[in-house]
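Notes to accompany the following structure.
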Amino acid sequence: MALLKNVWHAAAWSQEVGDKPFARTIANEHILLYRKAGGSIVALNDTCPHRFAPLHRGKIVNGEIECGYHGLRFNDKGACVHNPHGDGTVPKSAAVKVYPVAEKDTLIWVWLGDPARADKAAIPEFPWLNETDTYDFSGGHVMHMPLAWDLILDNLLDLTHGAYLHPDTLAPTPDLRTETNLRRDGDRVYSLLSTFDAPPPPIWTATGAATGKVHVDTWLEMRWDAPATFFLDVGVMPTGHGREDGNALPTVHIITPETEETSHYFWKMFRNFSRGNPKVSEVMEEFATRAFQDEDRPMIRAVQERMAGRDFWEMDPVLLPTDAAAIQARRMIKKLLKEEADEAAGGAARS
Ligand code: FES
Ligand SMILES: [Fe+2]
């Protein structure tokens, strides 16, 4: 699928970016990130305008990036401020693109599109990531996936695949008593799946959140914001109890496209039970990594290969009631892509 520019893309976890150059490719743009002495983040295009060296191969000098090839230096506004050659005159055309950037809830976000539209209030909020009194956290992960971002989106908004793809890790067996619910809050989509009166799925017994001796009810509620930003609230409680008696294992999932075919998969899982127990943290990490890397990834990759670059809608997919959330998201993304294409065409016509 085409890539959106006029959206906030998650670029890194806060802890990934320090006072050294850090590079990540997002929606086909090479981005350089670094942190200035006061802690603020700089986001510049990562290609030197002289001989096109990746700037991240250079070094930070007094809050400015010095190209590692011939030493041109650029400030946090992308302006060339130092030329060590000839009489030192800075060539007028020597500048790199600067991107709007924001740090919020332990994530760094960049805006690749029209800077005038970069409204920081539009960044999806993840207040849980700051609630260190309530939760123990996994480290922030970024998996490089050879997968198109929209196919991972389909996977995450489809809460029913777990019973078939994750029976040994995350999910209950098929054919349980379930309830599903879909709701919209503006452009935000929520998809809920509840299961009732069943043995707990493997991750719950392995982490000790459920004993396996009593049946449980579970809730999974996925929140989606465009383009591919997810919060999964998930928990388990003894059958017949309310969520307030439950153990919760929520997860943040954010998919940032690298190219049309590859993605960065940011995730962090956290729990409100067995706090301070490193063994439980290890089990959480192991189960989640297995599920995403060894179960979701090969299946989505196989789908991508089978689709062979063809458009989802043009392939005329069979739609099930459980596809409703993903379909709503796809329709909204299609609209955003059309708006960007129309704007680009209008701009091209005017120029
Ligand atoms: S390529 Fe950067 S200064 Fe020459
Ligand atoms: Fe999955």
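What follows draws every value from the coordinates through simple rules; no lab data is involved. Here the structure is a predicted model, which means the values were calculated and not measured. A quick note on method: Cβ atoms are made from the backbone with ideal geometry, for glycine too, and the neighbour counts reach across all protein chains shown.
Within the range 8-122, the proportion of Cα pairs with more than 18 Å between them is 47 percent.
Listed by number, the DSSP H helices of the chain that run 30 Å or longer by alpha-carbon position along their axis and have mean Kyte hydropathy of at least -0.5 are 324-350.
Please work out the Kirkwood hydrodynamic radius for the chain, using every pair of different C-alpha atoms, and report it in angstroms with one decimal place.
About 22.1 Å for the chain.
Full extension of the chain between ASN277 and GLU260 gives 2.1 nm of extra length, using 0.36 nm per residue less the Cα-Cα distance. Exposed loop sites are taken as trypsin sites (Lys or Arg not before Pro) in a DSSP loop (any state but H, G, I, E or B) with at most 10 other beta carbon atoms within 10 Å; the longest stretch of the chain without one runs 93-212.
Karplus-based coupling profile of the range 19-31, in residue order and whole Hz: 8, 9, x, 9, 10, 8, 8, 10, 6, 6, 9, 8, 10, with θ = phi - 60° in 6.51 cos²θ - 1.76 cosθ + 1.60 and x standing for Gly or Pro. Evaluating 6.51 cos²θ - 1.76 cosθ + 1.60 at θ = phi - 60° for every residue in the range 225-230, the Karplus couplings come out as 10, 5, x, 8, 10, 10 Hz, glycine and proline recorded as x. For VAL216, the residues whose modelled amide H falls within less than 5 Å of its own, excluding neighbours fewer than 5 places apart on the same chain, are ASP197, ALA198, THR239.
Normalised by 2.2 N^0.38 Å, where N counts its residues, the alpha-carbon radius of gyration of the range 265-351 equals 1.67.
Phi angles across the range 195-203 convert, under the Karplus curve 6.51 cos²θ - 1.76 cosθ + 1.60 with θ = phi - 60°, into 3J(HN,Hα) values of 10, 10, 6, 9, x, x, x, x, 4 Hz, Gly and Pro given as x. Under the combined filter of DSSP loop state and at most 15 neighbouring Cβ atoms within 10 Å, the range 206-282 retains these GluC sites (Glu not before Pro): GLU260, GLU261. Computed from label points 7 Å out along Cα-Cβ, the spacing between ASP87 and MET143 is 5.8 nm. Expressed per residue, the C-alpha convex hull volume of the range 85-167 stands at 237 Å³. Let me make sure I get this right: for the range 127-336, a, b and c are the square roots of the gyration tensor eigenvalues over alpha carbons, sorted descending. Under 1.5 in a/c it's rounded, otherwise prolate if a/b > b/c, else oblate. Which is it? It is prolate, given that a/c is not under 1.5 and a/b is the larger ratio. Annotation: amide H of LYS97 within the under-5 Å range of ASN45, sequence separation 5 or more or interchain, hydrogens built in the peptide plane.
Normalising the average separation of contacting C-alpha pairs (under 8 angstrom, six or more residues apart) by the number of residues puts the relative contact order of the range 96-241 at 16 percent. Restricting the range 107-201 to GluC sites (Glu not before Pro) that sit in a DSSP loop and have at most 16 other Cβ atoms within 10 Å of their own Cβ leaves GLU125, GLU131. Over the range 125-187, the hull volume per residue, using the convex hull of the C-alpha atoms, is 179 Å³. If you count Lys pairs in the range 1-111 whose Cα atoms are under 13 Å apart, skipping same-chain pairs closer than 8 places in sequence, the total is 5.
Express in whole angstrom the spacing between the alpha-carbon centres of the range 63-84 and the range 232-270. For the range 63-84 versus the range 232-270, the Cα centre distance is 41 Å.
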